[in-house]
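S.K.: Would you mind keeping the following structure in view while I ask a few things?
The values are calculated or read from the model by the stated rules, or taken from the named source; none is laboratory data. The structure displayed is predicted, hence computed values, not measured ones. A quick note on method: Cβ atoms are made from the backbone with ideal geometry, for glycine too, and the neighbour counts reach across all protein chains shown.
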Amino acid sequence: MIRSIGDIARSDLLLRALVEAVVVGALGGVIGVHIVLRRLPFTVMALTHATFPGVVLAGILGLNLIAGSAAFGVVVVVLLWVVSRRRELDTSTATGVILAGGFATGVLLFSAQSGFDRDLTSYLVGSVLTVSTADVVATAVIASAVVGALVLIGGPLTFSAFDRIGAEAAGVPVVYLDLAVLLLIELALVVSVPTVGIILSVSLLVAPAATARLWVDRIGASMWLAALLGATAGAVGIVISQAAGTAAGATIAVVAGGGFALSVIGSPRHGLLARRRVAARSFAG
Amino acid sequence: MRHFFVEPFQYGFMQRALVVSLVIGAVGGIVGSYVVLRRISFFADTLTHTVFPGVAIAFVTGHSLWLGALVAGVASALLFSLATTNRRVDDDAAMAILLTTFFAVGVMVVSRVESYTNDLLVLLFGRVLTVDRADIVSTVAIGAVALCIVGALHKELVFRAFDPEGAEAAGYSPLLLDIALNLAVTLVVVAALQAVGTVLVIALLVTPAATSRLVTRGLGTMIAVGAAVGMAAAYLGLVISFSASVDHGVRLATGATIVVVLTVGFTLVAAATWLRRRPAVAA
């Protein structure tokens with residue numbers, strides 16, 4: 001049983017898990033700022049679930065699971081993008097249909113193929129302890145690429161998130177930026193899903209960024225803080241999961257969610273307690 | 001034909017599965033109509049995940065799964081209201097975080113148990129083929145309560161959906177109406193637990209009503225057609241998954257089959273609507 005941080009440093013397996021969780025957490029924090037800003041959490045949720053058939057198909061065909069999920073993810077991204085521009089149904093309803101239908105298709109394929117087993121569980125809740133050095137390197141490369149792309153298009157991205165019509169008038173290709181963001185999110189999911197699983201990767205892509213928003217106001221600063229928070233959640237989650245013997249991905253998500261909960265209540269400027277104090281003071285004065 | 005559509009139900013377990021699926025299909029279609037009208041699909045999805053830790057803890061400690069789900073569902077709805085009183089917190093970010101955190105707590109609880117994988121999958125995907133009489137009674141009772149809630153508040157819920165300011169000005173509390181609808185959604189999630197599991201309930205709440213909305217105009221017809229779509233998909237999903245495994249040796253998870261039938265139906269209807277509207281746009 002591993003009980004201390006020193007033990008983790010001496011175990012290759014845990015060290016790899018730790019590095020992977022930190023990189024994925026930091027990446028989730030950075031891209032999460034744009035997800036929260038553009039109100040895309042439900043879209044991210046749909047993306048993680050609807051990509052599932054791609055993983056199962058890749059498994060059946062004997063292809064690389066990550067490649068399968070990435071390829072299918074692009075299909076889902078385009079579908080979500082097209083649906084969000086149509087008017088027959090509101091976007092949230094259409095997103096819900098895509099989420100449920102895509103996920104069920106994956107479950108169906110999976111049950112037809114071999115019955116439920118361990119692989120499905122590891123896909124659902126992640127298996128960070130089994131990552132190889134090659135996985136960690138691939139994660140780092142993809143994470144750098146995503147962050148690099150975000151830095152490149154960060155200006156117009158932020159502009160269009162705050163003032164869509166103004167950005168459009170200024171000649172920003174708003175519709176294609178929407179697509180670009182979705183594709184970058186999909187890339188981030190490709191590396192985070194094997195680590196924490198489909199449902200909990202949503203946590204890493206939303207919670208650190210939403211937490212950062214409670215502490216700082218500027219977009220640039222919130223990206224740094226969110227990256228730090230995500231990386232911390234990853235590291236702390238791994239350490240706690242080892243000490244307590246709980247599933248690693250789930251523990252990371254609980255840590256990230258706990259940080260958010262504390263910030264909602266206690267953040268010095270935007271917390272519920274601070275606001276109550278301000279309200280009380282203005283009432284008294 | 002008879003072999004495909006009727007004969008599966010000579011077995012007791014298929015009859016019980018049929019009753020539970022039809023009830024859930026109908027209740028999901030009806031309550032789901034309000035979900036689609038209010039555009040709270042994401043909230044419904046959040047509830048389907050947040051009931052999971054309640055179910056997991058009840059499962060591990062040997063309490064009633066229904067009770068555990070209900071407590072967790074109500075707790076998450078309250079926490080959501082609390083978190084969004086902070087204006088820096090968007091509704092959808094709060095939902096995503098609640099959803100993942102609650103779900104993660106459930107996974108942590110279940111992961112402490114030995115036969116982890118199997119239990120997790122039953123809770124997530126349901127086992128409609130193993131429901132017993134007591135399950136049927138609970139499903140019907142819980143579904144009936146959900147229907148009573150939306151039935152009693154139909155006028156107010158619709159008013160709130162189409163004209164939130166007007167409804168508030170007319171003296172209806174938006175908070176109380178939201179809580180009532182959230183409670184109804186939670187009840188549907190709890191009722192559907194046994195049949196399709198927590199992960200796929202969202203399909204029963206959104207897809208029948210979304211399909212119905214594409215083809216109907218009036219509200220009453222939308223709700224009725226939504227219920228019919230839900231029931232038809234439940235029935236078709238059941239016979240398809242039965243026939244696949246008995247006649248063709250392919251195991252198809254029943255809950256997932258029902259959902260895929262729903263999705264295919266929605267896709268066909270959406271495509272037909274779209275094709276029919278195109279000439280009008282061109283003219």
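S.K.: B:Ala69 versus (1) assigned to a helix (DSSP H, G or I); (2) without any contact (Cβ under 8 Å) to a residue 12 or more places away in the chain; (3) of a type outside the set (S, T, N, Q): which is the lone unmet condition?
M.R.: The single condition B:Ala69 does not satisfy is (2).
S.K.: Continuing with this model, one more query. Do we have B:Ala234 as within 18 Å of B:Val19 (Cβ to Cβ) and either without any contact (Cβ under 8 Å) to a residue 24 or more places away in the chain or part of a helix (DSSP H, G or I) (or both) here?
M.R.: yes
S.K.: Right, another one. What pairs come up if the first residue lies in region A:87-113 and is under 19 Å from B:Val122 (Cβ atoms) and of a type in the set (Ser, Thr, Tyr), the second is at pLDDT below 85 and not in a helix (DSSP H, G or I), and their beta carbons are under 6 Å apart, counting only those six or more places apart or on different chains?
M.R.: Cβ pairs passing all conditions: A:Ser111/B:Arg251; A:Ser111/B:Leu252; A:Ser111/B:Ala253.
S.K.: Could we say that A:Val147 is away from chain B (no Cβ under 14 Å) and modelled with pLDDT under 90 here?
M.R.: no
S.K.: In addition: Which of the following residues is within 14 Å of chain A (Cβ to nearest Cβ), under 20 Å from the mean Cα position of the chain (by Cα) and farther than 24 Å from B:Gly226 by Cβ: B:Leu78, B:Leu65, B:Leu82?
M.R.: Just a single option satisfies the conditions, and that option is B:Leu78.
S.K.: Quick check, is B:Arg2 basic (Lys, Arg), more than 30 Å from A:Ala233 (Cβ to Cβ) and modelled with pLDDT of 85 or more?
M.R.: For B:Arg2, the condition - basic (Lys, Arg), more than 30 Å from A:Ala233 (Cβ to Cβ) and modelled with pLDDT of 85 or more - is not met.
S.K.: Within region B:96-116, can you find the residues that are outside any loop (DSSP other than H, G, I, E, B), over 15 Å from B:Val55 (Cβ atoms) and more than 7 Å from chain A (Cβ to nearest Cβ)?
M.R.: If the condition is that a residue be outside any loop (DSSP other than H, G, I, E, B), over 15 Å from B:Val55 (Cβ atoms) and more than 7 Å from chain A (Cβ to nearest Cβ), then B:Leu98 is the only one that fits.
S.K.: Now for a different question. Based on this model, can you work out whether A:Ala207 counts as under 14 Å from the mean Cα position of the chain (by Cα), under 20 Å from A:Arg39 (Cβ atoms) and buried (at least 22 other Cβ atoms within 10 Å of the Cβ)?
M.R.: When the stated conditions are applied, A:Ala207 passes them.
S.K.: Kindly provide the set of residues from region B:251-272 that are of a type in the set (Ser, Thr, Tyr) and either more than 7 Å from every other protein chain (Cβ to nearest Cβ) or surrounded by fewer than 16 Cβ atoms within 10 Å (Cβ to Cβ) (or both), ordered by number.
M.R.: B:Thr254, B:Thr267
S.K.: Then there's this: Condition first: among the aliphatic types (A, V, I, L, M), more than 30 Å from B:Phe162 (Cα to Cα) and either more than 13 Å from chain A (Cβ to nearest Cβ) or free of Cβ contacts under 8 Å to residues at least 40 places away in the same chain (or both). Now tell me which residues in region B:35-59 satisfy that.
M.R.: Matches in region B:35-59: B:Val55, B:Ile57, B:Ala58.
S.K.: With in contact with a Phe, Trp or Tyr (Cβ under 7 Å, 6 or more places away or on another chain) and either more than 20 Å from B:Asp92 (Cα to Cα) or not in a helix (DSSP H, G or I) (or both) as the only criterion, which of A:Val151, A:Val239, A:Val172, A:Val193 stands out?
M.R.: A:Val172
Yes/no per residue for (1) more than 9 Å from chain B (Cβ to nearest Cβ); (2) of a type in the set (A, V, I, L, M); (3) free of Cβ contacts under 8 Å to residues at least 40 places away in the same chain:
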{"site": "A:Val202", "(1), (2), (3)": "no, yes, no"}
{"site": "A:Leu205", "(1), (2), (3)": "no, yes, no"}
{"site": "A:Trp215", "(1), (2), (3)": "yes, no, no"}
{"site": "A:Gly220", "(1), (2), (3)": "yes, no, yes"}
{"site": "A:Trp224", "(1), (2), (3)": "yes, no, yes"}
{"site": "A:Leu229", "(1), (2), (3)": "yes, yes, no"}
{"site": "A:Ile238", "(1), (2), (3)": "yes, yes, no"}
{"site": "A:Ser241", "(1), (2), (3)": "no, no, yes"}
{"site": "A:Gly258", "(1), (2), (3)": "no, no, yes"}
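S.K.: For A:Val137, indicate whether it is surrounded by fewer than 17 Cβ atoms within 10 Å (Cβ to Cβ), modelled with pLDDT of 85 or more and farther than 18 Å from A:Ser192 by Cα.
M.R.: When the stated conditions are applied, A:Val137 does not pass them.
S.K.: Out of region B:153-177, which residues are free of Cβ contacts under 8 Å to residues at least 40 places away in the same chain and of a type outside the set (A, V, I, L, M, F, W, C)?
M.R.: B:His154, B:Lys155, B:Glu156, B:Asp163, B:Pro164, B:Glu165, B:Gly166, B:Glu168, B:Gly171, B:Tyr172, B:Ser173, B:Pro174
S.K.: I would also like to ask the following. In region B:7-29, which residues are farther than 15 Å from B:Arg127 by Cβ and either touching a Pro at 6+ places or on another chain (Cβ under 6 Å) or crowded, with 24+ Cβ neighbours inside 10 Å (or both)?
M.R.: Matches in region B:7-29: B:Gly25, B:Val27, B:Gly28, B:Gly29.
S.K.: So which residues in region B:117-160 are modelled with pLDDT under 80 and assigned to a helix (DSSP H, G or I)?
M.R.: Of everything in region B:117-160, those that are modelled with pLDDT under 80 and assigned to a helix (DSSP H, G or I) turn out to be B:Thr117, B:Asn118, B:Asp119, B:Leu120, B:Leu121, B:Val122, B:Leu123, B:Leu124, B:Phe125, B:Val128, B:Leu129, B:Thr130.
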